[in-house]
Amino acid sequence: MSKSKVFTIKHYVDSSYYYQIKTSEPTLKPTVIVMGAMKRNFRLLADIVNNVEGVRFIICKGKLPLDGYFKQSDDIQLFGFVSEDELRNLMCKSDISLNIMDDTVGSNVITTSMAMGLAIIVSDVGSIRDYCDNSNAIFCKNDINSFKTAIEVLMQKKTLQSMKVASLLKSKQFSFEQFNDVVKKMMDC
């Protein structure tokens, strides 16, 4: 019997840099962070942000000209390109990572979000279930009602806290050390 020469290598997270820094309980208004630009549905994001109340939104838009998509509100903060340190600090202020994707090209956002202890709301596309499961993520169809319902579920503190803890635990599967182990196994073949 021959050894398989097919390996799956997933995105990893540098958990020496991305790790949960805060341990505080979520506030009355949970904070939702949106990161990444590739294969994202910004029109749907705008519909969600402009029609959901009771949460704060941090939107990292990079260099995209998205300001006109979002209504003026104290509960919406838009950030252009930010450094890794600034991004990590924004993630520290957040409770939920919102990912409205057309495909799973944003897996590095998912792994860093988990390492930072964020509950995940994500489009049920591509290979996303290789990274998340029902313990730390709510999988959505790409429609406004699915995402609104997911946000409402996570507005319940007990559910939010348990999903945040599950994300931290699950992120250990995607550590750089785990990645190195897979590469070493590949090299031994």
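The values are calculated or read from the model by the stated rules, or taken from the named source; none is laboratory data. Computed from a predicted model, the values in this text were never measured in an experiment. Note: ideal-geometry Cβ built from the backbone for every residue, glycine included; neighbour counts use all protein chains shown. To get the accessible areas, we keep the full protein, side chains included, count just its heavy atoms, and leave off ligands, DNA and RNA. Shrake-Rupley method; radii C 1.70, N 1.55, O 1.52, S 1.80 Å.
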Filter the stretch 140-176 for residues that are within 19 Å of Phe57 (Cα to Cα) and buried (at least 20 other Cβ atoms within 10 Å of the Cβ) and give the result. Cys140, Phe147, Ala150, Ile151, Leu154, Met163, Lys164
I'm trying to understand the selection: among the residues of the stretch 72-95, which are open to solvent by 80 Å² or more (accessible area, probe 1.4 Å), in a loop (DSSP other than H, G, I, E, B) and under 14 Å from Phe57 (Cβ atoms)? Gln72, Asp74, Lys93
Looking at Ile120, Ile33, can you tell me which residue is more than 21 Å from Lys141 (Cβ to Cβ) and either open to solvent by less than 10 Å² (accessible area, probe 1.4 Å) or part of a helix (DSSP H, G or I) (or both)? Ile33
Of the residues in the stretch 96-117, those that are more than 9 Å from the chain's Cα centre (by Cα) and either among the aliphatic types (A, V, I, L, M) or surrounded by fewer than 24 Cβ atoms within 10 Å (Cβ to Cβ) (or both) come to Ile100, Met101, Asp102, Asp103, Thr104, Val105, Ala115, Met116
Looking at this structure, is Ser73 in contact (Cβ under 8 Å) with a residue 60 or more places away in the chain and within 23 Å of Val153 (Cβ to Cβ)? no
